[in-house]
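Report on the following structure.
The values are calculated or read from the model by the stated rules, or taken from the named source; none is laboratory data. Just so you know, these numbers come straight off a predicted model, no measurement behind them. Every residue, glycine as well, gets a Cβ built from its backbone with ideal geometry; the counts of neighbours run over all protein chains shown. Each accessible area value is taken on the protein alone, full model and side chains, heavy atoms only, with ligands, DNA and RNA left out. Shrake-Rupley method; radii C 1.70, N 1.55, O 1.52, S 1.80 Å.
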Amino acid sequence: MEYRRLGASGLLVPALSFGAGTFGGRGELFSAWGETDAREARRMVDVALDAGVTMFDTADVYSDGASEEVLGAAIKGRRDRVLLSTKASLPTGPGPADAGSGRSRLIGAVDAALRRLGTDHIDLFHLHAFDAATPVEEVLSTLGDLVRAGKIRYLGASNFAGWQLMKSLAAAERDGYPRYVSHQVYYSLVGRDYEWELMPLGRDQGVGAMVWSPLGWGRLTGKIRRGQPLPAGSRLHRTAEAGPPVNDDLLYDVVDVLDEIAAETGRSVPQIALNWLLTRPTVSTVIVGARNEEQLRQNLGAVGWQLTTDQVARLDKASAVTPPYPYYPYYRLSDFTRLNPPAV
C-alpha cells in the first residue's frame, strides 16, 4: 500500500481508505448500502489491514449510528493499528439540537461517537456539511477545545463550497484555531466538478482530498453499459435520486474507454476508475466501500500498478466537460497541474 500525507499535515494515510457506510443497516437515512454485522465487519477489517489499509471512515448518520458501533466492535483489540475518521453535522433526529455545528451539538456529537466507536479519541473528525447558521469562529473554537482535550487529533470538512472552506481556513489562520487538513469530496470520472475550484483551493491551502463515491454512485462498477438495462441487483434502483446526477451520454462514453483499457491491462473497470483518481493532484486517499469480502478484494486491486500516460489522457478526454463561468475561459487540467504541481 502507498501512503500519502493528508494535505499539508503530518498524518500519513493509505492511498485507499475503507468506508464503513455498509456497516449496520439500521434506520432509513444512509442505511441502504448494506447490512454488515460485527462478525462480517471484523473479517473485512482483517482483509483491509492485511492489505495496508489503515484508515476507516464512518459518520454518525450512517445507519443511525450503527455503523460507528459495528466498526468499533470490529477493531476492538487493535485500536493502535487503525486510524478512525468520522463525521457529524447532518441531522440525526427531528429536534432543533439534532443538527448543525454549534458548540453544544459538536461536543455532544463527539462524545456520542467516542462511545459508539469504543475509543478515547478520533484520529480525523469531519464536519459533514457547512452550518451557515453558526459563526465559523464558534465552530472552530469548539473544535479547538476538543483537540486540546485529546478527543480529536486532526480536523476536516466535508461537502463544503469553496467560499465556505476558505472562510473557515482564513478564520483559523487569523485567530489561531486548528485548520482543516482534509476535505471529503465527491470526485469521479463522471463527476469532475471538484477540479474547478476545490482542487486549486486544496493545492494552495494544503488541504488533502478524501474522495467519496469514487465510482460515480455505483455507475462505474462495470455492470452498466450503453444500450443495456440497469442490472436488477443495482442499488441505483433505490438510491439514484439521492446521489450526484450523471449525464447518460457522458457515462457511456467513459465506460467505453474504461472497457478498452480493461482489455489492455487485464484490470477491472472499477480498478481502472479508482487508479485514475490516484493520479489526480491533491488526492490524499480514495474511500472505497464494499458489501462483501469479494468486492473489497476487487477494490484493493486498484493499487500497486499504474495507468500509462496515454491511458490517463484517454480517460481525461472521455470524461471532460466544459466548466461553468468563471472557469471555462482558462480551464485546462494540464495547465493547472503545470502551474500547481501535485504535493509530495
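In the chain, what percent of the accessible surface is made up of carbon and sulfur (1.4 Å probe, ligands and nucleic acids excluded)?
51 percent
Set the Förster radius R0 to 41 Å, insert the Cβ-Cβ distance between Ile107 and Ala320 as r into 1/(1 + (r/R0)^6), and round the FRET efficiency to 0.05.
0.40
Counting only other residues whose beta carbon sits under 11 Å from that of Ala38, what net charge do I get with K and R as +1, D and E as -1?
Local charge sum for Ala38: +1.
Keeping all protein chains in place and using 1.4 angstrom, which order do Asp64, Asp80, Asp316 fall into by accessible surface area, from largest down?
Output order, biggest surface exposure first: Asp80, Asp64, Asp316.
What list of whole percents do you get for P(r) of the chain, with Cα-Cα distances grouped in 20 Å bins up to the one holding the largest distance?
The percentages, shortest bin first, are 31, 60, 9.
Assigning unit charges at the beta carbon (Lys, Arg +1; Asp, Glu -1) and nothing else, what dipole magnitude in debye, to the nearest 20, does the range 248-311 show about its Cα centre?
Using only the charged Cβ atoms, the result is roughly 480 debye.
Once you place label points 7 Å from the Cα toward the Cβ at Glu2 and Asp80, how far apart are they in nm?
In this crude spin-label approximation the distance works out to 3.0 nm.
What accessible surface, in Å², does a 1.4 Å probe find on His126, ignoring ligands, DNA and RNA and rounding to the nearest 10?
Accessible surface of His126 is approximately 0 Å².
Quick one: accessible area per residue over the chain, 1.4 Å probe, rounded to a whole number of Å²?
Result: 44 Å² of accessible area for each residue.
Longer than 24 Å from Cα to Cα, which of Lys87/Lys151; Lys87/Lys167; Lys167/Lys317 are they? Say none if no pair is.
Lys167/Lys317
Please state the charge dipole magnitude for the range 132-218, taken about the Cα centre, from unit charges on C-beta atoms (+1 on K and R, -1 on D and E), reported in debye and rounded to the nearest 20. Provide the component values of the computation, followed by the final result.
Working: 8 positive and 9 negative charges, 55 e Å.
My answer is approximately 260 debye.
Given C-alpha coordinates of the range 1-130, what is the ratio Rg to Rh with the Kirkwood estimate of Rh?
Numbers: Rg = 14.4 Å, Rh = 14.9 Å.
Rg/Rh: 0.96.
First select every other residue whose beta carbon is under 11 angstrom from the beta carbon of Gly304; then total the charges, Lys and Arg +1, Asp and Glu -1.
With Lys, Arg at +1 and Asp, Glu at -1, the net is 0.
Over the chain, calculate the relative contact order: mean separation of alpha carbon pairs under 8 Å at least 6 apart, over the residue count, as a percent.
18 percent
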